[in-house]
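Novice: Dumping the structure here so I can ask a few things about it.
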Amino acid sequence: MSGSVRLHPVVVIGGGVMGSALAYWLTRLEPSMSVTVVERDPSYARASSALSAASIRQQFSTLVNIRISQASIAFLRKASDELGWDDEKPDIMLREHGYLYLAGPSGAAHLRRAYTVQKTCGTEVALLDSAALAGRFAWLNTSDLSLGSLGLRGEGWFDGYALLMAFARRARRQGVRYVQAEVRGLAIDGHRVTEVILSDGSRIGCSHVVNAAGPWARRVAAMAGVKLPVFARRRTVYVIACPTEMSPFPLLIDPTGFWIRPEGTKFIAGLPPSDDADDQPLEPDYDAFETRLWPALAHRIPAFEAARLERAWAGYFEVNTFDHNGILGAHESLGNFLFMNGFSGHGMQQAPVVGRAVAELIVHGRFTTLDLSPLSFARIARNRPLHEENVIG
Ligand SMILES: Cc1cc2nc3c(=O)[nH]c(=O)nc-3n(C[C@H](O)[C@H](O)[C@H](O)COP(=O)(O)OP(=O)(O)OC[C@H]3O[C@@H](n4cnc5c(N)ncnc54)[C@H](O)[C@@H]3O)c2cc1C
């Protein structure tokens with residue numbers, strides 16, 4: 001960074017898990033760096049990071065996502081030491097119980113393809129035919145299944161809100177300033193964003209601006225005239241009680257698209273919506289439980305005939321409609337405007353590594369630990385999508 005811009009802070013718009021992970025990494029890599037996070041709602045009531053199912057898997061179809069997961073699980077396993085200090089040790093409650101992808105006859109080839117990619121990366125994953133599935137998971141209806149892909153290590157779930165809080169607290173402790181305000185505009189001079197304009201009209205000069213606005217990222221991009229293909233799409237999470245004990249129980253992804261996993265003594269589940277409109281109100285879709293999820297669940301796991309829906313909540317996926325992958329790094333013509341958006345349902349698990357990667361871009365001008373250039377913003381301008389086939393919900 002040149003001396004003149006160094007006087008100004010890096011301004012991060014949005015203090016969810018992405019913005020807070022970035023703030024943590026910036027001040028860890030460069031303790032003297034001035035960083036301001038602008039967050040309009042410190043209660044995080046509508047933020048994806050507070051409404052997430054917070055699960056992590058190694059089973060992606062693209063190399064870069066698998067590499068991110070490998071680095072992320074390593075970070076999550078030692079999050080308490082990385083993000084704690086003195087006698088304050090955050091507990092993100094990581095549980096490594098695996099993911100189980102299921103396929104009928106038409107989906108088996110895809111599972112085999114993804115398995116081959118995963119094995120080249122050293123992922124510990126096993127393909128199970130329907131007899132092996134029945135042997136391992138006695139509670140599963142395997143009658144119409146051809147294949148399952150089970151993650152043996154590095155997959156499971158954790159407390160996403162605890163991770164967000166741990167990043168934010170540690171970032172504050174390292175000197176990051178959190179400002180409660182809404183960003184309403186960006187001032188631009190030539191090829192640089194020079195100021196961030198807040199709702200009360202005040203302005204913050206900036207060396208860099210980072211868009212970490214989650215499902216609202218498209219609006220922040222538009223403040224600089226940038227088109228970002230990221231849309232807020234509602235997803236409902238259902239909390240279900242089932243009287244039958246079933247163990248072991250990994251996060252299961254059914255060929256029909258629903259997912260389910262244990263959460264304490266209950267289960268949480270979701271499914272892709274039939275109507276995926278933008279910006280729907282954050283009210284749970286109870287109809288979908290009755291008409292689509294429960295029948296599919298009871299078919300796959302007969303014990304769920306006796307299940308009871310206890311409650312539900314809804315949050316926004318920040319869906320990148322271009323290729324369902326994160327969009328990282330600087331915009332081509334606005335060199336100090338960076339993005340960390342569009343994670344399409346896998347942002348919580350990627351935040352520790354994406355935060356570090358974007359911090360490296362700002363501090364060192366390049367990725368230094370893991371090359372995430374396949375996720376760069378430039379691929380959109382060049383119309384080179386990097387499709388991720390394993391997208392859930
Ligand atoms: C139901 C559900 C289930 C999910 N399950 C998983 C999962 O199992 N695994 C996984 O990895 N990911 C999952 N995700 C996705 C993951 O939670 C998100 O990718 C991640 O939380 C995104 O973090 P973020 O910080 O980018 O966004 P957010 O947490 O939404 O934070 C963005 C912040 O920006 C603030 N903001 C926006 N605009 C402005 C502005 N103009 N001025 C100031 N502040 C602003 C908002 O108030 C918000 O706090 C799930 C998401 C949902 C909704």
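Novice: Normalise the Cα radius of gyration of the range 266-393 by 2.2 N^0.38 Å (N = residues in it) and let me know the number.
Specialist: 1.35
Novice: If you restrict to DSSP beta bridges whose two residues both lie in the chain, what percentage is antiparallel, to the nearest 5?
Specialist: Details: 50 of 69 bridges.
In the chain, approximately 70 percent of DSSP beta bridges are antiparallel ones.
Novice: Run the dipole for the chain about the Cα centre, Lys and Arg Cβ at +1, Asp and Glu Cβ at -1, nothing else charged, and hand back the magnitude in debye, nearest 20.
Specialist: With Lys and Arg at +1 and Asp and Glu at -1, about 860 debye.
Novice: Related question: Compute, for Val117, the solvent-accessible surface of its heavy atoms (probe 1.4 Å) with the complete set of protein chains present, and express it in square angstrom to the nearest 10.
Specialist: Estimated to the nearest 10 Å², Val117 gives 40 Å².
Novice: Continuing with the same structure: How many Å² of accessible area per residue for the range 289-360, probe 1.4 Å?
Specialist: 29
Novice: Give me the three principal axis extents of the range 147-230 from the C-alpha atoms, as integers in angstrom, largest value leading.
Specialist: 54, 36, 21
Novice: How much accessible area per residue does the range 1-157 have, counting only protein heavy atoms and a probe of 1.4 Å, in square angstrom?
Specialist: Using a 1.4 Å probe on heavy atoms only, each residue of the range 1-157 averages 40 Å².
Novice: Considering only DSSP states other than H, G, I, E and B, which trypsin sites (Lys or Arg not before Pro) in the range 1-106 qualify as loop sites with at most 15 other Cβ atoms within 10 Å?
Specialist: Listed in order of number, the matching sites are Lys78.
Novice: While we're here: Expressed as cubic angstrom per residue, what is the convex hull volume of the alpha carbon set of the range 211-290?
Specialist: 137
Novice: State the volume of the convex hull built on the alpha-carbon positions of the range 342-393, expressed per residue in Å³ and rounded to an integer. Write out the running numbers ahead of the final one.
Specialist: Details: hull volume 4.9 nm³, N = 52.
Cα convex hull per residue, to the nearest whole number: 94 Å³.
Novice: With the convex hull built on the Cα atoms of the chain, state its orientation-averaged projected area in nm².
Specialist: The Cα convex hull of the chain, projected and averaged over all directions, gives 19.0 nm².
Novice: List the trypsin sites (Lys or Arg not before Pro) within the range 143-236 that DSSP assigns to loop and that have no more than 10 neighbouring Cβ atoms inside 10 Å.
Specialist: Lys227
Novice: Just going by the charge dipole of the range 146-233, with Lys and Arg at +1 and Asp and Glu at -1 on Cβ, which of Gly148, His191, Leu228 is farthest out on the positive end?
Specialist: The residue sitting most towards the positive pole is Gly148.
Novice: I'd like the carbon and sulfur percentage of the solvent accessible area for the chain, probe radius 1.4 Å, heavy atoms only, ligands and nucleic acids excluded.
Specialist: 49
Novice: Another question, then. Any chance you could list the semi-axes, whole Å, largest first, of the equivalent ellipsoid that the Cα gyration tensor gives for the range 1-128, using √(5λ)? Show your work: numbers first, answer last.
Specialist: Values: eigenvalues 252, 63, 52 Å².
Taking √(5λ) for each Cα gyration eigenvalue gives 35, 18, 16 Å.
Novice: Can you tell me the 0 to 90 degree angle between the C-alpha axis of helix 63-77 and the longest principal axis of the chain, rounded to 10?
Specialist: It works out to around 90 degrees.
Novice: Which log10 I(q)/I(0) values does the range 195-354 give at q = 0.10, 0.20 Å⁻¹ under the Debye formula, counting every alpha carbon as one identical point scatterer?
Specialist: -0.48, -1.23
Novice: To continue, here is another question. How big, on average over all directions, is the shadow cast by the Cα convex hull of the range 74-219, in nm²?
Specialist: Numbers: hull surface 57.3 nm².
Mean projected area of the Cα convex hull: 14.3 nm².
Novice: Now for a separate question. Compare Leu370, Leu251, Leu228 in a GNM of the chain, Cα atoms joined below 10 Å, and give the one with the largest fluctuation.
Specialist: With Cα springs under 10 Å in the chain, the top fluctuation among Leu370, Leu251, Leu228 is at Leu370.
Novice: For the range 281-341 and the range 203-258, write down the distance between their C-alpha centroids in whole Å.
Specialist: 7
Novice: How would the range 303-370 be classified by its alpha-carbon gyration tensor: rounded, prolate or oblate, with rounded meaning a/c under 1.5 and the a/b versus b/c comparison settling the rest? Don't skip to the answer; put the middle values down first.
Specialist: Details: a/c = 3.73, a/b = 2.51, b/c = 1.49.
Prolate is the answer for the range 303-370, as a/c is 1.5 or above and a/b outweighs b/c.
Novice: Using Cα springs under 10 Å in a Gaussian network model of the chain, which residue among Gly326, Gly205, Gly160 shows the largest mean-square fluctuation?
Specialist: Gly205
Novice: So which residue, out of Val226, Val17, Val358, gets the largest mean-square fluctuation from a GNM of the chain using Cα contacts under 10 Å as springs?
Specialist: Val226
Novice: Report, please, the projected area of the range 190-235 averaged over directions, based on the convex hull of its C-alpha atoms, in nm². Before the final figure, lay out each step's value.
Specialist: Working: hull surface 16.4 nm².
One quarter of the hull surface, i.e. the mean projection, equals 4.1 nm².
Novice: Could I ask something else about it? Rounded to two decimals, what is Rg over Rh for the range 98-144 when you use alpha-carbon atoms and the Kirkwood radius?
Specialist: 0.98
Novice: P(r) for the range 35-82: what percent of alpha-carbon pairs falls in each 10 Å bin, starting at zero?
Specialist: Bins of 10 Å from zero give 21, 31, 39, 9 percent of pairs.
Novice: Scaled to the compact-protein estimate 2.2 N^0.38 Å, what is the alpha-carbon radius of gyration of the range 274-328, rounded to two decimal places?
Specialist: Here the answer is 1.47, to two decimals.
Novice: Something else about it: Would you kindly give the portion of the calculated P(r) for the range 68-115 that falls above 13 Å, as a percent of all Cα pairs?
Specialist: Taking all Cα-Cα pairs of the range 68-115, the fraction more than 13 Å apart is 69 percent.
The values are calculated or read from the model by the stated rules, or taken from the named source; none is laboratory data. Because the structure is a prediction, the values reported are computed rather than measured. Here Cβ is always computed from backbone atoms with ideal geometry, including for glycine, and neighbour counts include all displayed protein chains. In case anyone asks, the SASA skips ligands and DNA or RNA and just uses the protein heavy atoms, side chains included. Shrake-Rupley method; radii C 1.70, N 1.55, O 1.52, S 1.80 Å.
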